[in-house]
Amino acid sequence: CDARVAEDDRLLEHGVDKVPLNPLLEETYDVVLSLLDEIFELFPSKFVHLGGDEVDDECWLSDPKIRDWKEHGPGSKFNRRWKTELHSIFFRRIAEHTLEAGKTPILWDEALDLRDLPKNTVIQLWRWWLPGQASRAQRNGKFRTISSIGYYLDYASNTWEKIYDTIVPYAQS
């Protein structure tokens, strides 16, 4: 996705941060799992947020290996859901690695569309315009949730001060 990054050289419109990793390359996991192991060592928290939102399938399709996987390989059987399947491949492996390290993975609510995520994954809800996200995540005790609804920093006129002033009195009651 070189063109997308180049056109956003000041990183104002999600250029470089929208370039997804390639889940079909073993080198991707070599780097990501090694980085996660270092994070696990440095930070004692039992929870690790792995992200996983707003993956750009146009960037993915700029890679010939992914295009071939989608059009002629295993991805071809998923039709329009090829992006979700590719996303699932990556996050299943990353979430399982996180659990094996004794940590709990947290993913944004797009993960509710993925297949076969480990049950101990926590889902952070942010898409307030999608009714039923919390009940979908919690159905049959599948996932625990965190709600960012109403507390999202880059939404509307939210600031950390406004959110803090809302949360602190509530937490102290």
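As a rough guide to protection, the peptides 65-77, 113-125, 37-49 ranked by mean Cβ packing within 10 Å, highest first, stand as 113-125, 65-77, 37-49. Within the stretch 47-90, the proportion of C-alpha pairs whose separation exceeds 13 Å stands at 57%.
Under 5 Å from the amide H of Thr104 lie the amide H atoms of Phe47, Val48, each residue being 5 or more positions distant or on a separate chain, with H modelled from the backbone and absent for Pro and chain starts. Accessible surface computed residue by residue for the stretch 88-132, with neighbouring protein chains in place and a 1.4 Å probe, gives 42 Å² per residue.
Under a model in which nothing but the beta-carbon of Lys, Arg (+1) and Asp, Glu (-1) is charged, the stretch 92-135 shows a dipole of about 40 debye around its Cα centre. For Gln124, nonlocal amide neighbours, meaning residues 5 or more places apart or on other chains whose placed amide H falls under 5 Å from its own, are Leu107, Trp108, Asp109, Ile146.
Multiplying the residue separation of Glu54 and Thr84 by 0.36 nm and removing their Cα-Cα distance gives an extension gain of 9.7 nm.
Each label point was placed 7 Å from the Cα along the Cα-to-Cβ direction; for Asp116 and Glu26 their separation is 1.9 nm. For the stretch 38-97, a crude dipole built from +1 on the beta carbon of Lys and Arg and -1 on the beta carbon of Asp and Glu, taken about the Cα centre, is about 360 debye to the nearest 20. Normalised per residue, the accessible area of the stretch 27-67 is 64 Å², obtained with a 1.4 Å probe and no contribution from ligands, DNA or RNA. Find how many whole Å separate the alpha carbon centroid of the stretch 34-69 from the alpha carbon centroid of the stretch 73-150. Centre-to-centre (Cα) distance: 13 Å. Bridgeable lysines around Lys119 (alpha carbons under 26 Å apart, same-chain partners fewer than 8 residues away excluded): Lys46, Lys77, Lys83, Lys103, Lys142.
The values are calculated or read from the model by the stated rules, or taken from the named source; none is laboratory data. Because the structure is a prediction, the values reported are computed rather than measured. Backbone-built Cβ (ideal geometry, glycine too); neighbour counts: all protein chains shown. Surface accessibility is based on the protein's heavy atoms, side chains included, excluding ligands, DNA and RNA. Shrake-Rupley method; radii C 1.70, N 1.55, O 1.52, S 1.80 Å.
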